[in-house]
1. Give me the aspartates and glutamates in straight-line cross-link reach of Lys24: C-alpha distance below 15 Å, same-chain residues under 8 apart excluded.
2. Could you calculate the contour length gain from Thr178 to Ser226, that is, 0.36 nm times the residue separation minus the distance between their Cα atoms, to one decimal place in nm?
3. For labels at Glu31 and Ser71 in the simple 7 Å Cα→Cβ model, what's the distance in nm?
4. Translational diffusion coefficient of region 48-95 at 20 °C, 1.002 mPa s, Stokes-Einstein with Kirkwood Rh over Cα pairs, in µm²/s as a whole number.
5. How many angstrom lie between the Cα centre of region 158-231 and the Cα centre of region 36-114?
6. Among the aspartates and glutamates, which fall within straight-line cross-link reach of Lys200, defined as a Cα-Cα distance under 15 Å, with same-chain neighbours fewer than 8 residues apart omitted?
7. What does the convex hull of the Cα atoms come to per residue for the chain, in Å³?
8. How many percent of Cα pairs in region 60-173 exceed 25 Å?
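Please treat every number below as a calculation from the coordinates, not as lab data. What you are looking at is a predicted structure, and each value in this text was computed from that prediction instead of being measured. All Cβ positions, glycine included, derive from the backbone under ideal geometry; neighbour counts span all protein chains shown.
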Amino acid sequence: MRRFFVAGNWKMNETVAEAETLVKALLPELEKYESVDKAVCPSYLAVPAVAGLCKGSSLKVGAQNLFWEESGAFTAEVAPKMVAELCDYVIVGHSERRKYFGETDETVNRRLKAALGAGLLVIVCVGETLEENEAGQTEAVVTRQLRQGLADITPEQADSITIAYEPVWAIGTGRAATPEDANHVHKDVIRPLLVEMFGKERAESMRIQYGGSIKPNNAAELFAMSDIDGGLVGGASLKADSFVEIIKAAAMVTIIIEESEA
Ligand code: PGA
């Protein structure tokens, strides 16, 4: 059965106090949607408070990044085991990390391996820029990001990985990819590559989230596509109401799929 995974990436938003208020508003609502896997990714500083509030609930907590070294003289960095103490998930390779902080496919790969080594579930982000998109390079860019980002990952490890396809031009712009265009990349580019890397069965059970201007009014049509298995939500995850609406859309599509398969 298809099980959607929707994660909120709060980016550099929400102080500890604001994060607590947001999670307290989310928790009673989100518990209604058992059929959907869900997580929020606050700043590192808000992670302890959010993890404390989410304990025992179905809302999981993720970090937005991590460093690959285990410990040592790496001022301001956070080690995999530090993240794993409080979080189930971690995001690696977000386009904002690539654009502003020099993240490369190689460093994505190092972070991914370190995160998996610490027992974390990892959301690996890929996606082309507007220029690359307009130059018809989407497939080439996403393929390179996946081949290099997921280099040397075993099929067993792949079970702990979610891919987030986030076209950079759709992030924070209010201009989401059309469901058909997003699904084309999921179905015809990412999934076949995962099949090649990890085998058919595993690749089919891996989840590919879409990210980039997911809102309550477009979530259901995105999730209704054959290969969009959830979402990585930025702006719309900062308001309890809109994040809940997006999770609800995933729950509704789950019901529709179940009914159509019955
Ligand atoms: P957005 O961000 O929903 O605000 O476009 C998505 C993301 O960057 O993960």
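1. Qualifying aspartates and glutamates at Cα under 15 Å: Glu14, Asp241.
2. Full extension from Thr178 to Ser226 adds 15.9 nm.
3. It is 3.8 nm.
4. Working: Rh = 11.7 Å.
Answer, rounded: 184 µm²/s.
5. 21
6. Of all the aspartates and glutamates, those that pass the test against Lys200 - Cα under 15 Å, at least 8 places apart if same chain - are Glu156, Asp159, Asp188, Asp227.
7. Normalising the Cα hull of the chain by residue number yields 121 Å³.
8. Cα-Cα pairs in region 60-173 separated by more than 25 Å: 21 percent.
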